[in-house]
Amino acid sequence: MPLPAPPRGWPSSPPSGPRALAAAPAARPIRLALQGGGSHGAFTWGVLEGLLQRDDLAIESISGTSAGALNAAVLATGWAQGGRAGALGALQRFWQDIGAAGAARLPLLPALPSGALFDPASMPGYEWASRFLRTLSPYDYNPFNLNPLREVLVRHVDPDALRDGPIRVFATATAVRSGEPRVFSGEALGIEALLASACLPFLFQAIEIDGEAYWDGGYSGNPSLHPLLDAGGDCDIVVVRINPAHRDGVPRRSVEIMDRISEITFNASLLGELRMIGHLNRLQRRIAGEGDPPQCRVHVVADDVDLATLPAATRLHVDPAFVARLHALGQAAVAAFLQAQGDAIGRRGEACADVAPVPEQMALPPRA
């Protein structure tokens with residue numbers, strides 16, 4: 001069945017033609033790390049669109065979690081089928097479909113008023129309803145384990161492209177019993193693994209794969225950076241972060257406290273891996289002495305200004321106008337990143353910085 005026409009304000013078709021998409025013989029390789037965050041993953045779509053339009057950058061591999069894993073799978077599918085233009089078109093069709101699927105609401109989620117700036121927490125009784133819903137289980141209110149996301153993924157993801165395509169994809173999920181991250185790739189990566197990576201435990205029943213139950217990967221690796229590293233290799237990793245690292249003030253309302261706990265939890269694994277990479281880089285420099293050793297350069301695309309104004313509840317809001325707004329924020333963020341840091345990609349020893357101000361520990365320390 002054909003998709004409905006995009007609503008007014010929806011992003012126009014991605015650029016095409018030889019000037020926008022011509023292959024560059026000396027393209028600098030990059031590896032992407034995409035955070036999860038529900039519908040806020042549309043921000044990542046905007047960032048990816050900006051990166052794909054740069055023919056001097058070549059995407060080698062992508063590690064994603066939750067919405068980041070879905071973006072990675074759709075991009076890799078589109079690239080395998082039609083190169084840069086195929087990837088751009090695939091992402092747009094996927095998010096258009098997500099917006100259309102928003103009419104079929106997830107279990108117990110109310111329809112929200114249209115518009116990018118609407119705050120669900122401002123609805124009368126929202127805080128009480130939020131606490132009440134957390135007392136329920138998807139095994140109770142969704143006994144048939146309906147998951148509308150499965151049908152969307154089947155329409156937009158080709159598992160063969162993930163296993164054999166030119167862009168390698170890694171998707172992280174959290175093993176329920178052990179609490180450890182599981183990174184799916186190669187033959188193990190398919191629709192069920194993607195659903196596991198995006199399985200919010202209060203919305204969906206755990207995804208069973210080979211006898212193991214999985215929840216959203218954001219609890220253990222959001223995203224996982226280690227699959228992108230090569231022992232002693234030189235590389236550039238572009239992290240797209242959509243969970244705010246810093247917020248002013250101390251939350252006092254119950255719902256605000258829960259939202260901040262969620263953000264801290266979903267950033268914790270990323271902080272740990274960034275510190276690990278920083279230590280490895282410093283060790284490599286000590287060993288090399290006066291030489292110029294291989295380095296893992298990490299660049300972060302983020303927006304801790306506009307995204308920080310959006311309550312966590314909006315991660316479940318897939319209204320097309322809201323998705324289009326997030327896409328535009330991603331486009332603006334990647335444009336600022338490329339202007340400020342684009343030339344640093346591929347330069348050994350270049351200091352890496354964030355687009356938006358974040359705590360010092362979110363960026364790797366500059367080279368001494």
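The values are calculated or read from the model by the stated rules, or taken from the named source; none is laboratory data. Just so it is clear, the structure is predicted and the values come from calculations on it, not from any experiment. With ideal geometry, Cβ positions are generated from the backbone for all residues, glycine too; neighbour counts draw on all protein chains shown. Remember, those area values only see protein heavy atoms, side chains included, never the ligands or the DNA or RNA. Shrake-Rupley method; radii C 1.70, N 1.55, O 1.52, S 1.80 Å.
Things to note:
- Between the amide H of ILE59 and those of ILE30, distances stay under 5 Å, these residues lying 5 or more places away or on another chain, with hydrogens modeled in the peptide plane.
- Kirkwood Rh in Å, taken over segment 172-240 so that all alpha-carbon pairs contribute: 12.7 Å
- Sorting the segments 234-243, 314-323 by their mean number of nearby beta carbons within 10 angstrom, highest to lowest, gives 234-243, 314-323.
- Coupling constants for segment 298-304 follow from the phi torsions by the Karplus curve (6.51 cos²θ - 1.76 cosθ + 1.60, θ = phi - 60°), and in residue order they are 10, 10, 10, 9, 8, 8, 8 Hz; glycine and proline get x.
- Accessible area of TYR219 in the full protein assembly, 1.4 Å probe (Å², nearest 10): 100 Å²
- Carbon plus sulfur fraction of accessible area for segment 150-303, probe 1.4 Å, in percent: 54 percent
- Peptides 273-279, 220-226, 42-48 ranked from most to least packed by the mean count of surrounding Cβ atoms within 10 Å: 42-48, 220-226, 273-279.
- Around the Cα centre of segment 238-277, unit charges on the Cβ atoms of Lys, Arg, Asp and Glu (plus for the first two, minus for the last two) sum to a dipole of about 80 debye.
- Protection proxy ranking, highest mean first, for peptides 334-346, 83-95: 83-95, 334-346, where packing is the per-residue count of other beta-carbon atoms within 10 Å, averaged.
- Solvent exposure of segment 151-283 as accessible area per residue, Å², 1.4 Å probe: 43 Å²
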